[in-house]
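Chemist: Structure incoming, see below.
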Amino acid sequence: MSSYGNSTKSSGVVRIIKDIDIDITNKHVLIVEDLVDTGLTLHYLKSMFENRGPKDVKICTALDKPSRRKVDLKIDYEGITIPDKFVVGYGLDFAGKYRNLPDVCVLHSSVYTDKEDAG
Ligand code: 5GP
């Protein structure tokens with residue numbers, strides 16, 4: 001799923017880059033997410049999967065920014081709650097960069113303020 005492109009803010013438009021190949025009818029489905037921010041991506045994905053007749057659809061996330069939530073979304077399994085900061089590293093990227101950092105780090109605003117309004 002993609003909602004960010006090269007920005008630090010969700011566009012609100014959720015795109016499917018690659019759908020799943022398996023039939024989830026009568027299956028228990030667990031969505032494993034890196035970070036829930038506005039919740040728009042998983043709200044969309046969860047309802048898309050629910051329309052395919054699974055037994056249930058649950059959500060697991062490593063990081064959660066509840067202060068940014070725009071939709072009501074139940075997180076079934078949650079790792080760490082973090083503040084409203086754009087983070088990179090440990091697999092999380094900004095425009096394809098910084099994924100390789102060994103820790104979860106807050107991206108300094110100077111990296112993106114010349115490209116967009118940092119908010
Ligand atoms: P949402 O739809 O909940 O706003 O955004 C979910 C997706 O946006 C996550 O899967 C994640 O890829 C990306 N995202 C949200 N916040 C951050 C952040 O602070 N850093 C990075 N690198 N990605 C984020």
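Values quoted throughout were computed directly from the atomic coordinates according to the rules given, and no laboratory measurement underlies them. Computed from a predicted model, the values in this text were never measured in an experiment. Note that we place each Cβ from the backbone using ideal geometry, even for glycine, and neighbour counts take in every protein chain shown.
Chemist: Express as a percent, rounded to the nearest 5, the fraction of DSSP beta bridges in the chain (both residues included) that run antiparallel.
Modeler: Just about 30 percent of them are antiparallel.
Chemist: Here's a follow-up. So for each of 19-27, 38-46 I average, over its residues, the number of other beta carbons within 10 Å; can you give me the resulting order with the highest mean first?
Modeler: Listed from highest to lowest mean packing, they are 38-46, 19-27.
Chemist: Skipping prolines and chain starts, which residues have an amide H placed within reach, meaning under 5 Å, of the one on Arg52, given they are 5 or more residues away or on another chain?
Modeler: none
Chemist: Using the number of other C-beta atoms within 10 angstrom as an exposure proxy, rank Leu30, Leu92 with the fewest first.
Modeler: Leu30, Leu92
Chemist: Could you state the principal axis extents of the C-alpha atoms in the chain, from the largest down, to the nearest angstrom?
Modeler: That gives 48, 27, 25 Å along the principal axes, largest extent first.
Chemist: Whole-Hz ³J(HN,Hα) for each residue in segment 59-76, computed from phi via Karplus 6.51 cos²θ - 1.76 cosθ + 1.60 with θ = phi - 60°, x for glycine and proline: what do you get?
Modeler: 10, 10, 9, 6, 10, 9, 10, x, 5, 9, 4, 10, 10, 6, 9, 7, 9, 7
Chemist: Working from Cα positions, state the angle (0 to 90°, nearest 10) between the long axis of helix 40-50 and the longest principal axis of the chain.
Modeler: Tilt relative to the chain: about 10 degrees.
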